[in-house]
Amino acid sequence: MATQAWTMAPARERKPNRDCKGADNAPSRDRKGADQSASRFRILGEFAGLIGLPTSEFVLCLSSNTGIIISMSDNFAQNVKQVADWLHRADRVAVMTGAGVSAESGVATFREAGGLWEGRRAEEVATPEAFRADPESVWRFYKLRRTGLLECRPNPAHEALAELERICANFCLITQNVDDLHRQAGSQNLIELHGNIWIDRCWDCDRQERPEQVSEEPIPRCSACGGMMRPGVVWFGEMLPPEAIDGAQSAAAQADVMLVVGTSSLVQPAASLAMVAQQNGAKVVEINPEATPLTHSADLVIAEKAGIAVPAVLEALPSES
């Protein structure tokens, strides 16, 4: 697959694509339709709460022909079983995770109120220009992030995905998270689209190192050339590593089933990977307690936290006799 110059940027609104379903690409279901779907989701979620249904039993099942069908009560188990059946039959499985998975481990996200970047513009700490202007300030910020991550541990979703990899012969985990929690949980075939916060990369020679602890130096230095080290994450305006995006696109295109877990489906190019999978015939399953731009086009949506839904899917997989 040819390398493309992808940069981190907000997602563009896209029309639903249902080519793999054989249905039309009706332009009428645009942003307005997505907003209406999200509104129905919230209203019906409140209704479920009023009648005493636990959130783990409130899900959205989606049909390409009839739109949104509401499933309640024991349908949570039924839909978990459906996903497990798809996974059991699949030759290739791809999973993409986002900030929602990390948030369940206590990792702060910069999009939520009171989150990581509140009170500071992203341009102050997360661009190459900011690093050139004041590398010491940028490093203070990232050392604070690293120190906070020392208190975070993989949650049941991380652990269930690592176990799913051990079960599936061809499995690829694509993550937008930089916190290393998937690796700590045992995931091995892992593509870190936005890098890894625990990696230092030389500003001059591009050498990568993984320090054993949070450095006390104001600006860490490269052991090879003495140049300034920078955090090994993808900053705003930077290209994603070509090998990472190419690998992610390839995994999505070849997948029989793709799980999209805990991501807002807003940041490109990661947001387009589910569409790549669906256009190539994969079943796309969204696991997210909140409606997203993907919700109206996924094959099945479980509106639940990753730490509840993913272990449930793993538990529902047929045992090999």
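The values are calculated or read from the model by the stated rules, or taken from the named source; none is laboratory data. What you are looking at is a predicted structure, and each value in this text was computed from that prediction instead of being measured. Reconstructed Cβ throughout: ideal geometry from the backbone, glycine too, with neighbour counts over all protein chains shown.
A few remarks follow.
- Here residue 131 meets each of (1) touching a residue at least 24 places away in the same chain (Cβ under 8 Å); (2) assigned by TED's automatic domain parsing to the domain that holds residue 97 with one exception, condition (2).
- Residue in segment 168-176 that is part of a helix (DSSP H, G or I) and either in the same structural domain as residue 265 (by TED's automatic domain parsing) or loosely packed, with under 14 Cβ neighbours inside 10 Å (or both) present: no
- Odd one out for residue 262, checked against (1) crowded, with 21+ Cβ neighbours inside 10 Å; (2) at negative phi: (2)
- Matching residues, segment 132-158, being touching a helix residue (DSSP H, G or I) at 6+ places or on another chain (Cβ under 6 Å) and surrounded by fewer than 21 Cβ atoms within 10 Å (Cβ to Cβ): 141, 156
- Hits in segment 311-321 - residues which are among the aliphatic types (A, V, I, L, M) and assigned to a loop (DSSP other than H, G, I, E, B): 317
- So residue 235, is it over 22 Å from residue 176 (Cα atoms) and either in contact with a Ser or Thr (Cβ under 7 Å, 6 or more places away or on another chain) or surrounded by fewer than 21 Cβ atoms within 10 Å (Cβ to Cβ) (or both): no
- Some residue of segment 176-198 being touching a Gly at 6+ places or on another chain (Cβ under 9 Å) and without any contact (Cβ under 8 Å) to a residue 12 or more places away in the chain: no
- The residues listed here are 253, 277; of these, the one that is more than 13 Å from the chain's Cα centre (by Cα) and crowded, with 24+ Cβ neighbours inside 10 Å is 277.
Okay, residues lined up against (1) farther than 18 Å from residue 158 by Cβ; (2) hydrophobic (A, V, I, L, M, F, W, C); (3) not assigned by TED's automatic domain parsing to the domain that holds residue 167:
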position	(1), (2), (3)
249	yes, no, no
252	yes, yes, no
257	yes, yes, no
260	no, yes, no
268	yes, no, no
285	no, yes, no
291	yes, yes, no
307	no, no, no
315	no, no, no
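- Residue 223 vs. criteria modelled with pLDDT under 95, within 27 Å of residue 308 (Cα to Cα) and among the polar types (S, T, N, Q): no
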